[in-house]
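The values are calculated or read from the model by the stated rules, or taken from the named source; none is laboratory data. Quick caveat, the model's predicted, so the values are computed rather than measured. Cβ sites come from the backbone with ideal geometry, for glycine too, and all protein chains shown count toward neighbours.
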Amino acid sequence: SLPVTDTSAPAADTRHVGTLIIGSGFAGLGAAIKLAQAGVTDYVVLERGNDVGGTWRDNSYPGAACDVPSHLYSYSFALNPEWTRSFSTQPEIYKYIQSVANRHKVLDKHIFDCDVLSARWDESSAQWHVSTNKGEFVAKIVVSAVGALCEPSLPDIKGIDGFKGEIFHSSRWNHDADLTGKRVAVIGTGASAIQIVPAIGKKVSHLDVYQRTAPWILPRADREYTKIEHLAFKYLPGFQKLCRTGIYWMRETQVVGLAKAPVFMKPLQFAAERHLKAQIKDKDLRKKVMPNFQIGCKRMLISNNYFPTLAQDNVDLVTEGIEEVTANGIVSKTGTTREIDAIVVATGFHVTDSPTFAGIFGKDGRSLAEVFEETGMQGYKGAAVANFPNMFFLVGPNTGLGHSSMVFMIESQINYLVDAIATIDKYDIGTIEVRKDKQDKYNKDLQAAMSKSVWNNGGCASWYMDKHGNNTTLWPGFTFQFRNATKHFDLAAYRSVATSDLGA
Ligand code: N01
């Protein structure tokens, strides 16, 4: 996480750079490639990990896979005829990202194992001062591409620090810990947990799954591609694009139910109910796993092997809530103690309250955390935040999706970013900051659109909402609307000062 460290005056070995990109997941890497293609060479990517890949490098837990079909979950400029299945696994996606980075020759623009400690806007020089474990950087433009799901959220449970066995978060899987034959507890039943549970359910001696809220789960239409499909992806011109387009439009239809008229979610809920009943025969277990909110309110999950694993003899679904963790067990709210050797904490991420916000200081020295505390996690087109000049965001506020590929949204944002940087160069702009009134109007319209959605009205508590009760994570429309909105950088929404006028 980003500790709040004050940056002192730049050290002698400070590196100056035009654009500094923080993070090299799908977003940061894609931005690096697109900037290079646009002829921008003065940029550096700082990555705290030892490789590209972001969330697909970090989330290496057993069973990790994507719930968006492979052909849509790829860059449009790097389609991949090699996908082996309709829904790709984490190792395959990670390999894909690595191969894209290699092929586009941007790795020499990266500094790995470089942890950004703070980024501070310096008004007098109109530059960002970025402090890292590998020295100081001064940059005209900073691009935050750290991702929304990068900071693990650990549950605040009494006694958890005193647990003597193995304990780790789903996104920080300890591959040295062999769970074979062990008694294991998984806390959480979100997208990560429902993949982990079946992946370890047969090898552990006993598994306790701690469910706070039962999720809606749909069948997973996953399968290996046939030889003929492989040949077609590779050699039939346009075939992969056609598949991609088909998947794209099928997914877009869900927006009608999710964002505009939740009544259209009913058929999906019916399908999920049927799936549950077909996979679980035991009436008590059925009752326990039946969700109590409208489908889509929380992220819809897909799995064919989660319910069958819950029904196994060596697996218990615990729904009484956790009272405390002891040195070697978990005590539920009803007073039952279950002894265990290991705990997998699959409790999600800090999204609207990411600790990274505390280390970014804009105008008047106010941190992004302070600004968001006041306004909620708001921005303009997910790309800029008033008070933070010359800073652009990828996967910023309200750019997430509950139904389709984040890579599509990321590419829209990258288009906008590259056009912004070209505009800054073209007009020799020294500083640029989104106008507060434009940002406010943008968010007013966005929240108005959100007010009809299933996320706001579906009767659940989800990580999509911030503490002000606003949904500041998702895009409430069709993704092509976002693509249109970000096609060109709209200079008129920003206040800019020419380089020649700086300090005048
Ligand atoms: O995290 P989550 P995740 N005590 O926040 C429970 C993406 N993703 O890592 O629902 C007990 O969804 C919490 O309970 P509740 C995807 O966007 C994609 O699983 O808050 N339980 C919930 O059950 C996804 O949405 C893929 O009541 C506690 C769980 O922990 C996002 O990542 C795969 C608790 C957290 O679920 C995050 O998914 C994986 C506590 N104190 C992830 N605190 C695919 O593409 C939390 N919980 C397939």
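Some notes on this structure:
A quick yes/no check of all residues on (1) more than 25 Å from the chain's Cα centre (by Cα); (2) without any contact (Cβ under 8 Å) to a residue 40 or more places away in the chain:
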{"position": "Val186", "(1), (2)": "no, no"}
{"position": "Ser192", "(1), (2)": "no, no"}
{"position": "Lys203", "(1), (2)": "yes, yes"}
{"position": "Thr245", "(1), (2)": "no, yes"}
{"position": "Ala272", "(1), (2)": "no, no"}
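- Counted residues, segment 146-171 - those being closer than 20 Å to Trp463 by Cβ and either more than 14 Å from the ligand (Cβ to nearest atom) or in a loop (DSSP other than H, G, I, E, B) (or both): 11
- Which numbered condition Pro219 misses (of (1) away from the ligand (no atom under 16 Å from the Cβ); (2) closer than 21 Å to Ile302 by Cβ; (3) surrounded by fewer than 18 Cβ atoms within 10 Å (Cβ to Cβ)): (1)
- Selected residue (criterion: farthest from Glu229 (Cα to Cα)) from residues of segment 67-98 that are buried (at least 22 other Cβ atoms within 10 Å of the Cβ) and in contact with a strand residue (DSSP E or B) (Cβ under 9 Å, 6 or more places away or on another chain): Ile93
- Residue match in segment 277-289 (condition: at pLDDT 95 or above, surrounded by 19 or more Cβ atoms within 10 Å (Cβ to Cβ), away from the ligand (no atom under 14 Å from the Cβ) and on the phi < 0 side of the Ramachandran plot): yes
- Listed here are the strands (runs of 3 or more DSSP E) enclosed by segment 304-398 that have at least 2 residues being within 15 Å of the ligand (Cβ to nearest atom): 315-318, 322-325, 329-332, 342-345.
- Among the residues of segment 333-359, those that are among the hydrophobic types (A, V, I, L, M, F, W, C) and within 19 Å of the chain's Cα centre (by Cα) comprise Val345, Ala346, Phe349, Val351, Phe357, Ala358.
- When restricted to residues that are out of contact with any Leu (no Cβ under 6 Å at 6 or more places or on another chain), within 13 Å of the ligand (Cβ to nearest atom), under 20 Å from Tyr380 (Cα atoms) and among the hydroxyl-bearing types (Ser, Thr, Tyr), segment 448-473 contains 1.
- For segment 29-75, residues that are assigned to a loop (DSSP other than H, G, I, E, B) and of a type outside the set (Ser, Thr, Tyr) total 22.
- The condition of being modelled with pLDDT of 95 or more, in contact with a helix residue (DSSP H, G or I) (Cβ under 7 Å, 6 or more places away or on another chain) and of a type in the set (Val, Ile, Thr) holds for only one of Ile111, Ile160, Ile167, Ile97, that being Ile97.
- Count - residues of segment 148-197 that are hydrophobic (A, V, I, L, M, F, W, C) and closer than 26 Å to Val407 by Cβ: 8
- When Leu207, Leu301 are checked against the criterion of being within 14 Å of the ligand (Cβ to nearest atom), modelled with pLDDT of 95 or more, in contact with a strand residue (DSSP E or B) (Cβ under 7 Å, 6 or more places away or on another chain) and under 30 Å from Val325 (Cβ atoms), Leu301 stands alone in meeting it.
- Residue among Gly53, Gly63, Gly39 that alone is free of Cβ contacts under 8 Å to residues at least 12 places away in the same chain and either of a type outside the set (A, V, I, L, M) or within 25 Å of His110 (Cβ to Cβ) (or both): Gly39
- Qualifying residue in segment 447-458 (condition: touching a residue at least 60 places away in the same chain (Cβ under 8 Å) and under 19 Å from Glu373 (Cα atoms)): no
- Filter result for Ser88 (within 16 Å of the ligand (Cβ to nearest atom) and either within 20 Å of the chain's Cα centre (by Cα) or closer than 23 Å to Ala346 by Cα (or both)): yes
- Counted as qualifying within segment 404-504 are the helices (runs of 4 or more DSSP H) with 3 or more residues that are under 19 Å from the mean Cα position of the chain (by Cα) and modelled with pLDDT of 95 or more, namely 406-426, 479-485.
- Segment 156-176 residues that are free of Cβ contacts under 8 Å to residues at least 40 places away in the same chain, paired with ones that are within 16 Å of the ligand (Cβ to nearest atom) (beta carbon under 8 Å, 6 or more apart): Asn174/Phe168
- Filter pass, Gly190 being within 11 Å of the ligand (Cβ to nearest atom) and surrounded by fewer than 23 Cβ atoms within 10 Å (Cβ to Cβ): yes
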